[in-house]
Amino acid sequence: MKNFATSSIVALSVLGASFAMTPAFAADEFNVAPGMTYAGAPLGLHGADPVALLNGTQVDGNPQYFAAHDGVAYYFTSEENKAAFEANPAQYMPQNGGFCTFGVAFAKKLDGNPEYSAVVDGKLYVFLNGDVLSQFMEDKAGIITKADENWVNIRSTAATDL
């Protein structure tokens, strides 16, 4: 029995240490797909290349070219796009954690689909669908301002609690 107890304590210590090394994020700070990628992090932007999106092209990235930032994996279409992202991730990150900016303007965390994206003042915004993107285009500045105000308050709140 003594060996079992000792083994259990060692196993729990190792397990606890592994959780301690895992980055801790507040609930739902990033809009990610369920599961993990080879990068050891959940996938952001539905696998779309954030560098290409910021340059106005909606294209899926290739898992061969991946980088993780803030516990989220992103895929890229090329080594060049991956390198650009790694040199300055903040420049390419979707606003509002990749959640629908229009939803965030109403204090909700809705899925941000990169198929429906816009670049405003060098920042990437994603939206739930085409109708929502159209509404955003009618009042970009107002919606961005409201989303920025709300994001501060809802960033660390689980989507189900909003």
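The condition (being open to solvent by 30 Å² or more (accessible area, probe 1.4 Å) and within 16 Å of the chain's Cα centre (by Cα)) is satisfied by just one residue among Ala159, Ala107: Ala159. Residue-level check: of (1) out of contact with any Lys or Arg (no Cβ under 7 Å at 6 or more places or on another chain); (2) farther than 14 Å from Leu45 by Cα; (3) assigned to a helix (DSSP H, G or I), Asn96 misses just (2).
Report yes if some residue within the stretch 139-146 is closer than 23 Å to Pro34 by Cα and open to solvent by less than 70 Å² (accessible area, probe 1.4 Å); otherwise report no. The answer is no; no qualifying residue exists. Of all residues in the stretch 124-133, those being more than 14 Å from the chain's Cα centre (by Cα) and surrounded by 15 or more Cβ atoms within 10 Å (Cβ to Cβ) number 3.
Reported count of residues in the stretch 45-82, each being assigned to a strand (DSSP E or B), free of Cβ contacts under 8 Å to residues at least 24 places away in the same chain and out of contact with any helix residue (DSSP H, G or I) (no Cβ under 7 Å at 6 or more places or on another chain), is 2. Of the residues making up the stretch 55-70, those that are open to solvent by 30 Å² or more (accessible area, probe 1.4 Å) and not acidic (Asp, Glu) are Asn55, Gly56, Thr57, Gln58, Val59, Asn62, Pro63, Gln64, Tyr65, Phe66, Ala68, His69. Residues that are free of Cβ contacts under 8 Å to residues at least 60 places away in the same chain and not in a loop (DSSP other than H, G, I, E, B) were ranked within the stretch 99-114; the one that is farthest from Gln58 (Cα to Cα) is Ala105.
Ala118 meets all of the listed conditions (1) open to solvent by 30 Å² or more (accessible area, probe 1.4 Å); (2) closer than 15 Å to Leu54 by Cβ but one, namely (1). Residues in the stretch 115-144 that are in a strand (DSSP E or B) and aromatic (Phe, Trp, Tyr) were compared, and the one that is farthest from Thr157 (Cα to Cα) is Tyr116. Quick check: anything in the stretch 73-90 within 15 Å of the chain's Cα centre (by Cα), closer than 19 Å to Leu162 by Cβ, open to solvent by 10 Å² or more (accessible area, probe 1.4 Å) and modelled with pLDDT of 95 or more? No. Against the numbered list (1) within 15 Å of the chain's Cα centre (by Cα); (2) open to solvent by less than 50 Å² (accessible area, probe 1.4 Å); (3) under 20 Å from Ala147 (Cα atoms), Ala41 comes up short only at (3).
The values are calculated or read from the model by the stated rules, or taken from the named source; none is laboratory data. Quick caveat: nothing in here was measured; it's all calculated off a predicted structure. Positions of Cβ are backbone-derived with ideal geometry, glycine not excepted, and every protein chain shown enters the neighbour counts. When the accessible area is computed, the model is the full protein with side chains, heavy atoms only, and any ligands, DNA or RNA have been set aside. Shrake-Rupley method; radii C 1.70, N 1.55, O 1.52, S 1.80 Å.
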